[in-house]
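Data block below; observations after.
The values are calculated or read from the model by the stated rules, or taken from the named source; none is laboratory data. All values derive from a computational prediction rather than experimental measurement. Positions of Cβ are generated from backbone atoms using ideal geometry, with glycine treated the same way; all protein chains shown enter the neighbour counts. The protein model used for the area step is the full one, side chains on, heavy atoms only, and it has no ligands, DNA or RNA in it. Shrake-Rupley method; radii C 1.70, N 1.55, O 1.52, S 1.80 Å.
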Amino acid sequence: MSDREDLWIEKGSEIFLRGVRCTNCGSILFPPQPYGCEACGADGGSLEDFEFSSQGTLHSFTTVYVHPKIETPYQVAEVRTEARQYVRARLDHPDPKVGEAVIGCLQIIDDDDAQFVFVPTSQAGG
Amino acid sequence: MAAKNILNDRPAYVVGIGLHRYQHATETSYVTLGLTAVRAALADAAVDWPSVETAYVGNARIGMAAGSTMLRYLGPSDVAVAQVENASASGSTAFRQSVHDVASGVADVSIAIGVDKPVAGAGRGGPINANVPTLDHGLIVPFSHFAMLAERYMADTGATVEQIAKVAVKNHGNGARNPFAQRQKVRTLEDVLAPPQISGALTRLQCTPVGEGAAAVIVASEDALKKLGIDRDRAIRVAASASRLQEFTPDENADAALTRKTTFEALEAASMSPRDLDIIELHDAFSIEELLYAEAMGLCGTGEAAARLERGEYDIGGKHAISPSGGLLAMGHPIGPTGVGQVCEIVRQLRNEAGDRQHPQAKVGLAHMVGVGAVCVVHVLKR
């Protein structure tokens, strides 16, 4: 996976996601890619960079107990953002429930670089 | 927008089936696995190898030219061979090619084979090589995708962890009666819910074992039945074939939408409705999938599948027998063979040759696979 840090950007105190928007049909697509619009078929030239809020609601989540390379257990989430786009990433939530409000933040995981993680909106540091 | 069903004009029949048991990976060569299934299918059809005009070999893990390498050991023939890769639907897609060869008149006899096993040095797949970045850092694996679907299903329908686990209880029970199944043990609800926990509600026994094995089916035309003297009573007609690529559906569960569209395309082509289905072999790689797909296929209303399964409607002898083979959960999922193996089970059931796992009066069967991409392939067979 190339350049994961290109997928988000800090804007003030909030983390925005970087996707693409189709100039032909208006669909917002994430992750970004240069190949074409899945919604209408327009070619890659019709896809322009588009930043959108990482705020959304928990569409679903799970705890993973088994992984060949990553320390377990950990949580992952599928979040429906305000831009109507589904985004999957790590989740850090003490008691997640479908439909709850979450937002992206940056966390250092295993002494690695900063990772994008969804957390409860109520707990997001100002 | 269902296209004209070529199978109405030129019938295609499955006339032979053969399997190598699905099992944990061993030292056995894929050639041995595959030829065991091919020879069994030829013997079942009472057809010799030189009568087979085209061959499609479905696999995703054993590398380039495995199909042609294997088939040379059957001796001289004029067969045209191609290897077919379509992720978990590789075998289903090989079958579709054979069916279309026969229905279009390109061949009177074709064989669809699935053979696979884990081998060292398998390359990275297309999704990785497309170099589309993701945020998930490798955190999302197949079982976590389906564990999330399970969580969402429980939130939407009120179904419980125990109800989802009962899918596995049923399918392990069916697999216990199938000599070709990788898992042949009856399991109680307690067994299925026992650790190890894999992800969310899913325990080990609610996840498919991916090992090795092989399956083969011989497809023949009306002319071939006459010319080769094939037993008509054991020939099972292919009523429809459908294959779809997942579409962008921002407002609907993409897995369910893909299965719904592909299933209804096939049912319409066969002029049938969900209630006509006696046997359904579906992609139950994870227990939750059976409930999602039963609803998507229209066997029941949204949110009803868990309760119906609990009442026995999907048991052998129930309203629809779902995965009488044991399904991916118990028969196993060696990848390439799986879709062909589903056809073997349906043919066995429709011939009334399934022994102690026979569903009474089985006349119509549906085979359903999904694969990474995502793709969905559905076939309807009838007696």
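Assuming B:VAL132 fulfils every condition listed in (1) open to solvent by 30 Å² or more (accessible area, probe 1.4 Å); (2) more than 12 Å from chain A (Cβ to nearest Cβ) apart from one, which condition is it?
(2)
Could you say whether any residue in the range B:358-372 is open to solvent by 20 Å² or more (accessible area, probe 1.4 Å), assigned to a loop (DSSP other than H, G, I, E, B) and at positive phi?
yes
Select, from B:ARG351, B:ARG308, the only residue that is at pLDDT 95 or above, open to solvent by 10 Å² or more (accessible area, probe 1.4 Å), of a type outside the set (S, T, N, Q) and under 21 Å from B:THR263 (Cα atoms).
B:ARG308 is the lone residue from the list that is at pLDDT 95 or above, open to solvent by 10 Å² or more (accessible area, probe 1.4 Å), of a type outside the set (S, T, N, Q) and under 21 Å from B:THR263 (Cα atoms).
Output the residues belonging to the range A:94-119 that are away from chain B (no Cβ under 12 Å) and surrounded by fewer than 18 Cβ atoms within 10 Å (Cβ to Cβ). Working first, answer last.
The first filter runs over the range A:94-119 and keeps only residues away from chain B (no Cβ under 12 Å), leaving A:94-95, A:101-103, A:105, A:108, A:111, A:119.
Listed by number, the residues that qualify are A:PRO94, A:ASP95, A:ALA101, A:ILE108, A:ASP111.
Which members of the range A:29-67 meet the condition of being open to solvent by 30 Å² or more (accessible area, probe 1.4 Å) and either over 18 Å from A:ALA89 (Cα atoms) or touching a residue at least 60 places away in the same chain (Cβ under 8 Å) (or both)?
A:PRO34, A:TYR35, A:GLU38, A:ALA39, A:CYS40, A:GLY41, A:ASP43, A:GLY45, A:GLU48, A:ASP49, A:PHE50, A:GLN55
Here's a check for you: in the range A:49-80, which residue that is over 24 Å from B:PRO142 (Cβ atoms) and part of a strand (DSSP E or B) is nearest to the other protein chains (Cβ to nearest Cβ)? So that I can check it myself, show each step before the final result.
Going residue by residue through the range A:49-80, those that are over 24 Å from B:PRO142 (Cβ atoms) are A:49-55, A:57.
With the extra rule that they be part of a strand (DSSP E or B), the set shrinks to A:49-53, A:57.
Details: A:ASP49: 14, A:PHE50: 15, A:GLU51: 14, A:PHE52: 13, A:SER53: 15, A:THR57: 12 Å.
My answer is A:THR57.
For A:ALA89, indicate whether it is small (Gly, Ala, Ser), at the interface with chain B (Cβ under 8 Å from one of its Cβ atoms) and open to solvent by less than 30 Å² (accessible area, probe 1.4 Å).
Against the criterion (small (Gly, Ala, Ser), at the interface with chain B (Cβ under 8 Å from one of its Cβ atoms) and open to solvent by less than 30 Å² (accessible area, probe 1.4 Å)), A:ALA89 qualifies.
May I ask you to say which residue of A:THR72, A:THR81, A:THR121 is more than 23 Å from A:PRO32 (Cα to Cα) and touching a residue at least 60 places away in the same chain (Cβ under 8 Å)?
Result: A:THR121 is the single residue among A:THR72, A:THR81, A:THR121 that is more than 23 Å from A:PRO32 (Cα to Cα) and touching a residue at least 60 places away in the same chain (Cβ under 8 Å).
Consider B:VAL217 carefully, then state whether it is assigned to a helix (DSSP H, G or I) and hydrophobic (A, V, I, L, M, F, W, C).
Considered against the rule, which asks whether it is assigned to a helix (DSSP H, G or I) and hydrophobic (A, V, I, L, M, F, W, C), B:VAL217 comes out as no.
Could you check B:GLY138 against (1) open to solvent by 50 Å² or more (accessible area, probe 1.4 Å); (2) among the small types (Gly, Ala, Ser); (3) within 14 Å of another protein chain (Cβ to nearest Cβ); (4) farther than 30 Å from B:GLY301 by Cβ and say which number it fails?
All conditions are met except number (1).
How about the range B:141-182: which of its residues are open to solvent by less than 10 Å² (accessible area, probe 1.4 Å) and within 8 Å of chain A (Cβ to nearest Cβ)?
Result: B:SER144, B:ALA147, B:MET148, B:ALA150.
Out of all the residues in the range A:89-115, which are farther than 22 Å from B:GLU151 by Cα and assigned to a strand (DSSP E or B)?
Scanning the range A:89-115 gives A:CYS105, A:LEU106, A:GLN107, A:ILE108, A:ALA114, A:GLN115.
Considering only the range B:183-214, how many residues are closer than 30 Å to B:VAL31 by Cβ, open to solvent by less than 40 Å² (accessible area, probe 1.4 Å) and assigned to a loop (DSSP other than H, G, I, E, B)?
Total meeting the criteria: 4.
Filter the range B:19-32 down to the residues that are part of a loop (DSSP other than H, G, I, E, B) and not aliphatic (A, V, I, L, M) and list them by number.
Correct list: B:HIS24, B:THR26, B:GLU27, B:THR28, B:SER29.
Taking the condition on the phi < 0 side of the Ramachandran plot and buried (at least 24 other Cβ atoms within 10 Å of the Cβ), does B:HIS283 pass?
Working: on the phi < 0 side of the Ramachandran plot: yes; buried (at least 24 other Cβ atoms within 10 Å of the Cβ): yes.
Spelling it out, B:HIS283 is indeed on the phi < 0 side of the Ramachandran plot and buried (at least 24 other Cβ atoms within 10 Å of the Cβ).
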